[in-house]
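What follows is a short report on a single structure.
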Amino acid sequence: MHLLSILFTILFIGCSGSHIDSPDELWGSAVEFRESEDLRSSITNFKSIIQNYPKSEFSSKAQFQIADIYLNDVKDYPFAIEEFERLISNYSETALAKKSAFMVAYIYSNYLDEYSKAMTKYEFFLEQYPNDELVPSVEFELEGLKKYQSTIDSLNNL
């Protein structure tokens, strides 16, 4: 009987070491890490949510936060676009996919000065989400990009 209790203890200790936090615990830790500017730990926790709880309500939010960190904290705009595109691809039915589609176009226009790509992405947004609350913002952005249209057209004709 003593041997059996030792085996249970070993089994319990072995299993407790592989404990994965719940998505809400991981989310809370990730937010705290971001607030304390420990971005690596924040991203690690957000990725853990995505990997371990892909169907969780936190999963698309975690993906959005990763993209937002690269956009606003790290200022790696191409990588932010990749992360927003990943959200659009993996969570296409969420409200955050719409917001991410807008953000991709916004980054191309306002951070990377890639106006042609911005216009394409804004037009994609209008096709995909014609009744969304962001449509006025998209139309405003497209109106501002019109001043670059003749330059874009002339470069495309080269």
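Here the gap between Gln51 and Gln128, fully extended at 0.36 nm per residue and compared with their Cα-Cα distance, gives a gain of 25.0 nm.
Full extension of the segment from Ser41 to Tyr148, taken as 0.36 nm per residue of separation minus the current Cα-Cα distance, would add 34.4 nm.
By accessible area, using a 1.4 Å probe on protein heavy atoms only, segment 33-158 has 48% of its surface on carbon and sulfur.
Packing order of peptides 45-52, 76-83, highest average first: 45-52, 76-83 (average count of other Cβ atoms within 10 Å over each peptide's residues). Pairs exceeding a 32 Å alpha-carbon distance, out of Lys75/Lys98; Lys75/Lys121; Lys55/Lys146; Lys47/Lys98; Lys61/Lys147: Lys55/Lys146; Lys61/Lys147.
Asp24 contributes an accessible area of around 90 Å² to the protein surface, as traced by a 1.4 Å probe with all chains present.
Per residue, the accessible area of segment 16-158 comes to 59 Å² when a 1.4 Å probe rolls over the protein heavy atoms.
A simple packing score, the average count of other Cβ atoms within 10 Å per residue, orders the peptides 133-141, 120-128 as 120-128, 133-141, with the highest score first.
The values are calculated or read from the model by the stated rules, or taken from the named source; none is laboratory data. Everything numeric here is computed off the predicted structure, so don't read it as measured data. Don't worry about glycine lacking a Cβ; one is built from the backbone with ideal geometry, like all the others, and counts go over all protein chains shown. Side chains included, ligands, DNA and RNA excluded: accessible areas come from the protein's heavy atoms. Shrake-Rupley method; radii C 1.70, N 1.55, O 1.52, S 1.80 Å.
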